[in-house]
1. Normalised by the residues of region 219-279, what does the relative contact order come to in percent, with Cα pairs under 8 Å and at least six apart?
2. Which lysines, on any chain, are close to LYS275 with Cα under 23 Å apart, when same-chain ones fewer than 8 places away are left out?
3. Given labels modelled 7 Å from the Cα in the Cβ direction, how far is it in nm from SER77 to ARG89?
4. How big is the chain by Rg and Dmax over its Cα atoms, in Å?
5. Write down the percent of antiparallel bridges among all DSSP beta bridges whose residues are both part of region 133-284, to the nearest 5.
6. What are the ³J(HN,Hα) values, in whole Hz, obtained from phi via the Karplus relation 6.51 cos²θ - 1.76 cosθ + 1.60 with θ = phi - 60°, for each residue of region 94-100 in sequence order, with x given for Gly and Pro?
7. Using the basic label-point model (7 angstrom from Cα toward the beta carbon), what is the THR265 to THR66 distance in nanometres?
8. Between TYR32 and HIS204, what is the label-to-label distance in nm when each label sits 7 Å out along the Cα-to-Cβ direction?
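Only the coordinates and a few stated rules stand behind these numbers; no lab work does. The structure displayed is predicted, hence computed values, not measured ones. Cβ sites come from the backbone with ideal geometry, for glycine too, and all protein chains shown count toward neighbours.
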Amino acid sequence: MTVHSTIEKSAAGASGGPGPVALDVVGMGKTYAGSGAAVEAVRDLTFAVRPGELVCIVGPSGCGKTTLLRCIAGLMSPTVGEVVLEGRRVDGPPEGMAVVFQEYGRSLFPWLTVSQNVELPLKDKKGIGKARRRELVAEALEAVGLAHAGEQYPWQLSGGMQQRVAIARAVAYEPKVLLMDEPFAAVDAQTRADLEDLVRSLWHRLGVTVLFVTHDIDESVYLGERVIILSSSPTVVLEDVVIDLPDDRDQLTTRSEARFAELRTHVYERIQEAKRGHRPAAAG
Ligand SMILES: Nc1ncnc2c1ncn2[C@@H]1O[C@H](COP(=O)(O)OP(=O)(O)OP(=O)(O)O)[C@@H](O)[C@H]1O
Ligand SMILES: [Mg+2]
């Protein structure tokens, strides 16, 4: 059996399988109606994510990844179709969801300390007293290796540290679903590797459902249990690939495995096809 057919076979079982669903994206499309011509960014996306899964999303630049995440986060409405979170249609920012945006610099408040930044969203959560808030903040900062930095201001920290504050803020919130939109695009390669391992260890520990958007193919294969490959805009799902690497991943060992190379080559080839405008026959 060839490498390609092995991957195709596993991909066939990736979506729509039986079992509980945390997040259901059903026939979702988004057309931006601006002052000029309307832009059909996303045409038809359908996929399901099981509770506790870590799913990566890759696709060419401008294919609608951020648009998809904003619709899932309830920050805007799809034009057609719907997003269903634990059985409830999303029509505004849902409780139990946290988002880590790419531009962490702009997502932290410079006049608040690190601890205050992490604590802020907790104040909107019902039934959490001050003492518990402090505890959650301390635990989250500890988890991202910033226990010592609570009293500092974001602008006193390096880019990688600021990104860890943004992750701590999401973690302290104890979300059921964590959305991450190219969160490591602006950090150096070494910090990026550390943050990838941090996400996998937090995911293991917290059992949270994670949807992770990246343009980095190796990162998607290293992190994900599945990689959903999107076509160029107007976007449809090109392929849903199961990443059948061992759960225990390590930057050196995992990335040097033959299976890792096969999977990354496959995803790379599909993205190249997507960039050339390839679409599934039924998608038009
Ligand atoms: N507010 C908006 N108004 C009009 N068009 C928009 C708006 N936001 C995004 N678009 C368009 O929708 C398409 C998808 O944009 P989106 O930001 O979702 O892509 P992306 O996959 O996240 O890109 P990148 O990889 O560069 O982050 C693009 O053609 C973009 O120009
Ligand atoms: Mg984007």
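1. Relative contact order of region 219-279: 38 percent.
2. List returned: LYS30, LYS65.
3. Going from the SER77 label point to the ARG89 one covers 0.9 nm.
4. Using the Cα atoms of the chain, the pair Rg, Dmax is 19.0, 59 Å.
5. So the antiparallel bridges in region 133-284 amount to around 50 percent.
6. x, 5, x, 10, 10, 10, 10
7. Going from the THR265 label point to the THR66 one covers 3.4 nm.
8. Each label point lies 7 Å from its Cα, and together they span 4.0 nm.
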